[in-house]
Amino acid sequence: MPRYATIEDELRQRIDRGEIRPGEPFPTEMALCRDFGVSRHTVRRALESLERSGLIYRRQGRGTFVTRPPLVTQPLGGFYTFVGSVAGQGHQPHSLVLQQQIILASAASAERLRIASGTPVVYLVRKRLADDVPLALETTEVPLSVCPDLATIELGDQSLYDVIEAFSDVVISGAYETIRPTLLSREEAELLAVPPNSPAFNVERVTSAGQQVVEWRRSLIRGDCYLYSVDLPRRGLVGTFQAEPTSTGEKSHSIVTPI
């Protein structure tokens with residue numbers, strides 16, 4: 001095994017043992033060179049591998065730090081809501097409404113909502129938080145005809161779907177969602193309290209009530225606080241799939257992480 005790989009493995013074990021805690025400064029390259037008796041080049045290769053694995057991150061002018069565990073882990077495979085996911089994992093969901101107005105649907109939103117371009121829609125921009133930590137920026141468009149009261153309702157920390165169902169005859173039946181990695185712009189990063197160009201998930205959702213499309217949502221979710229997981233049972237085998245706990249106590253899943 002190459003020397004840098006041995007060093008990487010030892011540093012992983014130190015992190016697992018809690019000798020270097022999340023958010024704490026990581027030992028400097030020079031300190032690691034002295035510790036392991038190797039060149040700076042060898043240490044850098046080990047650190048680069050740890051960084052690619054998401055175990056550490058670097059901040060220019062500040063140093064290297066151990067990555068904090070994700071605040072929320074979202075299993076895929078079924079319908080979910082921000083409020084339900086955050087509250088279900090022991091955190092307090094909170095929302096700040098940045099914009100709430102009626103606009104005319106653009107060509108892009110009309111295509112996704114299956115309405116005519118220029119149709120009135122309720123346009124919402126919200127910052128979503130968990131335990132007062134900014135987690136996501138959500139831009140949502142809902143045809144005004146689906147829930148006219150949505151334009152003036154004080155949403156607070158409520159689930160949008162709960163509000164729509166309470167103030168209309170709509171019953172949400174499901175959604176189609178895509179997830180892409182992205183980097184945050186300076187403005188987006190400022191709203192989410194992270195440095196510009198921080199990694200994030202770009203999540204697009206089209207929500208339906210039967211055959212009617214009732215929502216088009218675009219979310220930017222912090223990559224350092226949110227994790228998507230997928231259980232992958234193999235078809236044709238008898239028995240129930242059970243995710244195995246890892247050394248950190250979390251279940252072992254197939255993980256989707258941002259670049």
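Coordinate-derived values only; no laboratory data. Keep in mind it's a predicted model, so treat the numbers as computed, not measured. Cβ placement follows ideal geometry from the backbone for every residue including glycine, while neighbour counts extend to all protein chains displayed.
What the table shows:
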| read-out | value |
| --- | --- |
| Distance (nanometres) between label positions extended 7 Å along Cα→Cβ at PHE79 and GLU188 | 2.7 nm |
| Average Cα contact separation per residue, the chain, under 8 Å, 6 or more apart, as relative contact order % | 16 percent |
| Net +/- balance of residues flanking GLN100 in space, Cβ distance below 14 Å, scoring K and R +1, D and E -1 | -2 |
| Per-residue HN-Hα couplings for the range 53-68 [Karplus 6.51, -1.76, 1.60; θ = phi - 60°; Hz; x = Gly/Pro] | 7, x, 7, 9, 9, 10, 10, 4, x, 10, x, 10, 9, 6, 5, 6 |
| For the chain, calculated [θ]222 nm from helices alone, where every DSSP H run of n ≥ 4 adds -39500 (n - 2.57) | -6500 deg cm²/dmol |
| Farthest toward positive dipole pole in the chain [+1 Lys/Arg, -1 Asp/Glu at C-beta], among LEU124, SER208, PRO233 | PRO233 |
| The range 53-96 pair-distance distribution - Cα-Cα, 10 Å bins, rounded % | 22, 34, 29, 14, 1 |
| In order through the range 22-28: 3J(HN,Hα) via Karplus (6.51 cos²θ - 1.76 cosθ + 1.60), integer Hz, x for Gly, Pro | x, x, 7, x, 7, x, 5 |
| For the chain, the longest site-free run once GluC sites (Glu not before Pro) in DSSP loop states with at most 16 other Cβ atoms within 10 Å are removed | 20-153 |
| Ranked list, fewest to most other Cβ atoms within 10 Å of each Cβ, for PHE79, PHE26 | PHE79, PHE26 |
| ARG68-ILE179 pseudo-label distance in nm [points 7 Å out on the Cα-to-Cβ vector] | 2.0 nm |
| Share of Cα-Cα pairs in the range 139-245 lying beyond 22 Å, as whole percent | 52 percent |
| Sorted by Cβ density within 10 Å, fewest first, the residues MET1, MET30 | MET1, MET30 |
| GNM flexibility winner over the chain from ILE221, ILE153, ILE172 (Cα, springs under 10 Å) | ILE153 |
| Placed amide H near LEU144: partners under 5 Å, 5+ positions off or other chain | VAL121, VAL122 |
| Under the Debye formula (equal points on every Cα, no solvent term), log10 I(q)/I(0) of the chain at q = 0.10, 0.11, 0.12 Å⁻¹ | -0.62, -0.73, -0.83 |
| Relative contact order for the range 65-166, counting Cα pairs under 8 Å that sit 6 or more residues apart, in percent | 25 percent |
| With at most 11 other Cβ atoms within 10 Å, longest stretch of the chain clear of loop trypsin sites (Lys or Arg not before Pro) (DSSP) | 63-233 |
| Cα-centred dipole magnitude for the chain, charges only on beta-carbon of K, R (+1) and D, E (-1), debye, nearest 20 | 1020 debye |
